[in-house]
């Protein structure tokens, strides 16, 4: 479970995130949306412990991120939009290295199914410099999944993936939600969020504009109109477009 209360992040006098609270329960996928500069990536980085929050509390899988950061981060996988890989480790060696960091027993038995699921098994002995942008993204995702995290944060996870890769990634996200993971997904691709998310959080200028299940948020902004989709909701809630 992800529990965030009163989260704030200030850069000097600029408030990037203000008094943000939300909960993601096991099996839920929360879509984080907002215009550029709304505070989506800052929120994810604070909640993942990558940058310190100015205020608020974060609990991941029952562990307080501030007082018990090691236990909280052991339950976590954070997937940034830009994969960060080691130039001189092969695909297989990346997975072995990350597995050792998390004390994953028998990682080889876990690595091969992951490589096959993400369709990079045939690249197992290649270095990152030999991989396409999409393959690098798949490798970074495989590394994040090797310790079977119960909490996952995705920041634009489909960057560089081809249509088949996008479909596979959506299936992987839903599969892990069904297995009980709590997931937050930030993306400009509103149709993706509509397909995989159970809940949505709309931010503007670091503040919460609307949140809840997609049907509940749609009802809030539909004005009684049928067939309102997430793009309609976004435009009505923020007064703009996702560009």
How many residues are touching a residue at least 24 places away in the same chain (Cβ under 8 Å) and surrounded by fewer than 17 Cβ atoms within 10 Å (Cβ to Cβ) when one looks only at segment 199-217? 2
Which one of 174, 164, 158, 115 is within 17 Å of the chain's Cα centre (by Cα) and outside any loop (DSSP other than H, G, I, E, B)? 174
Is it the case that some residue within segment 76-83 is buried (at least 17 other Cβ atoms within 10 Å of the Cβ), without any contact (Cβ under 8 Å) to a residue 60 or more places away in the chain and under 16 Å from residue 141 (Cα atoms)? yes
Single residue of 151, 104 found to be under 29 Å from residue 43 (Cα atoms) and over 21 Å from the mean Cα position of the chain (by Cα): 104
Return the total of residues in segment 77-112 being more than 21 Å from residue 127 (Cβ to Cβ) and in a helix (DSSP H, G or I). 2
Can you pull out every residue in segment 177-190 that is at pLDDT 90 or above, within 13 Å of the chain's Cα centre (by Cα) and outside any strand (DSSP E or B)? 177, 181
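The values are calculated or read from the model by the stated rules, or taken from the named source; none is laboratory data. Here the structure is a predicted model, which is why all the values come from computation and not from measurement. Because the Cβ atoms are built from the backbone with ideal geometry, glycine has one as well, and the counts that use them run over all protein chains shown.
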